[in-house]
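Okay, structure first, notes after.
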Amino acid sequence: MISPESFYYKAFELYGADKIIFGTDFPFSDRKKEIELLNSLRISEDEYDKITFKNIKKVTKKDVIKLANK
């Protein structure tokens with residue numbers, strides 16, 4: 001079984017931060033744990049911003065709220 005951290009790193013390797021959008025399956029997962037996992041990853045601030053708000057803003061062309069940074 002692949003760990004959640006490994007899943008994220010593999011996604012970065014295969015697709016790059018420009019193609020990833022962070023989301024949760026609330027109420028099926030714990031949002032706090034998902035955000036803690038995201039904050040624990042060794043990624044740049046730019047990559048973090050892309051997957052938490054910049055990419056979805058680009059896709060939807062709407063204003064979005066920036067997720068509190070690490």
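The values are calculated or read from the model by the stated rules, or taken from the named source; none is laboratory data. Since the model is a prediction, treat every value here as computed from it, not as a measurement. Accessible surface is based on the protein model in full, side chains and every heavy atom, while ligands, DNA and RNA are left aside. Shrake-Rupley method; radii C 1.70, N 1.55, O 1.52, S 1.80 Å.
Observations, loosely collected:
- Taking all protein chains into account, the per residue accessible area for the chain stands at 77 Å² (1.4 Å probe).
- Cross-link partners for K54 among the lysines, with Cα-Cα distance under 19 Å and sequence neighbours closer than 8 places in the same chain left out: K19, K62, K66, K70.
- For the chain, radius of gyration divided by Kirkwood radius, i.e. Rg to Rh on alpha-carbons: 0.95
- Heavy-atom SASA rank of I65, I20 (probe 1.4 Å, accessible area, largest first): I65, I20
- Expressed as a whole percent, the accessible surface of the chain that belongs to carbon and sulfur atoms is 56, based on a 1.4 Å probe.
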